[in-house]
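Novice: Would you mind keeping the following structure in view while I ask a few things?
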Amino acid sequence: MKSTLPKCKDRCKPKIPYNLKIFILLLTVIFTVGIPPLKAQQVSVSGNVTDPSGESVPGVNILEKGTSNGTVSDLDGNYEITLTERRSIGEIRNQGLEVSLNWQDDVKGDFSYYMGGNLTTLENTVLGLGGADGLDAGSAEFRQRSIIGQPFQAFFGYQTDGIFQTEEEINNSGYSPEFIADNDLQPGDLIFRDQNGDQVINDEDRVILGTFLPSFTYGFNAGITYKNFDLSALVQGQSGYKILNRKRGEIIFTNDTNLDADLATNLWRGAGTSNQYPSAAGLRKSWNQNLSDYFVEDGSYFRIQNVRLTYALENSDLFGITIPRTAITLTAERPLTLFNYNGFNPEVANGIDRQVYPIPAIYTVGLNIKL
């Protein structure tokens, strides 16, 4: 018995509805960055200094612009100066996927809707630093470092293993007695992980703590129209990045006694009271002010950016009087933001929060009359 299948050509190809728009972009960008380290190359420049009549002028100072490097023309007006040409040779790769989907449809004459969304992924990697193993940025207290194979200017510090609860725990920490004494370690101080087991905590124990560059960004918008009503909404968010809560670290430099609520509530107050935050006495202690994951927090957030409801009156009669087209609008800007970061706002420039101003939610009522 033979079975046959109908011939299938164009009609068997999957069709995308005309009202569905899809945009997908896979993007890899490798570029040279304008940051140190810079490759230095010596360049010799020579010439002759003359006056308007063409006579050589001796004893003229020739300076390289923006430096103290210079020379003086000789008795015959001749000079030669060695300049340093500097070129950026670091390389960074940004690789990710960008997807955008949009759909709109008219269900009936009185009802229509649309929806759309987009998402972007990002993987940022340092590919080269001109022969250097690492490049520091930030400040001495709050260090960032670019390392080959890691994100650009990632937060670089110590991993914590909780809080010292007792003197016995300090003595059994694996640190050498001399190191414990030199740093005056007390119950209520942070425990830094000894990455290489040499019984001391130093630069060799610093690790990558995260990047300020979000690995995932997304947004969604939708709207419906039914008769005279129009409702629209926009949401957005980011995840996969860290924020340096430098406000907690600024306490060592200022007299500002303000603390975020989570820190103030959960300070160590005795054995067993906290395994996350140091004691009040330890907040200004240099040991606890070393950059660690105590200062670095998850910056992920979800936000309802905008909600708008509009009701339109067209050619309506009120008490026998025809009124012009009128639209009443209710708008909510940023009515809800969800995040776990212990700051006012998870959207922080370059991931370093020195106390940014909180973004307010705004509610407005509008009236539009078209005459």
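The values are calculated or read from the model by the stated rules, or taken from the named source; none is laboratory data. Bear in mind that the values here come from a model prediction, so they are computed numbers and not experimental data. All Cβ positions, even for glycine, are placed from backbone atoms using ideal geometry, and neighbour counts span all protein chains on display. When the accessible area is computed, the model is the full protein with side chains, heavy atoms only, and any ligands, DNA or RNA have been set aside. Shrake-Rupley method; radii C 1.70, N 1.55, O 1.52, S 1.80 Å.
Novice: Which members of segment 30-52 meet the condition of being part of a loop (DSSP other than H, G, I, E, B) and modelled with pLDDT under 85?
Specialist: D51, P52, listed by residue number.
Novice: Next question, about the same structure. Of the residues E64, E80, E55, E91, which is of a type in the set (D, E), at pLDDT 85 or above and open to solvent by less than 100 Å² (accessible area, probe 1.4 Å)?
Specialist: The match here is E91.
Novice: Is there any pair linking a residue in segment 49-71 that is within 15 Å of L83 (Cβ to Cβ) to one that is of a type in the set (F, W, Y) and open to solvent by less than 60 Å² (accessible area, probe 1.4 Å), with Cβ under 9 Å and at least six apart or on different chains, and which?
Specialist: I62/Y79; T71/Y79
Novice: While we're looking at this one, here's another question. Return yes or no: is L213 open to solvent by less than 20 Å² (accessible area, probe 1.4 Å), touching a Pro at 6+ places or on another chain (Cβ under 7 Å) and under 29 Å from N350 (Cβ atoms)?
Specialist: Here the answer is no, as L213 does not meet what is asked.
Novice: Filter segment 202-260 for residues that are assigned to a loop (DSSP other than H, G, I, E, B), touching a strand residue (DSSP E or B) at 6+ places or on another chain (Cβ under 6 Å) and farther than 24 Å from V126 by Cα and give the result.
Specialist: N228
Novice: Another question, if that's okay. Mind checking which residues of segment 163-195 are aliphatic (A, V, I, L, M) and part of a loop (DSSP other than H, G, I, E, B)?
Specialist: L185
Novice: Working carefully through the options A312, A349, A332, A361, find the one that is under 43 Å from the mean Cα position of the chain (by Cα), under 14 Å from N228 (Cα atoms) and not aromatic (F, W, Y).
Specialist: When all the criteria are applied, what remains is A312.
Novice: Looking at segment 138-192 only, could you name the residues that are surrounded by 15 or more Cβ atoms within 10 Å (Cβ to Cβ), within 26 Å of the chain's Cα centre (by Cα) and more than 25 Å from D353 (Cα to Cα)?
Specialist: Scanning segment 138-192 gives a single hit, I148.
Novice: Take D74 and decide whether it is farther than 30 Å from I147 by Cβ, acidic (D, E), open to solvent by 40 Å² or more (accessible area, probe 1.4 Å) and at pLDDT below 85.
Specialist: In short, no.
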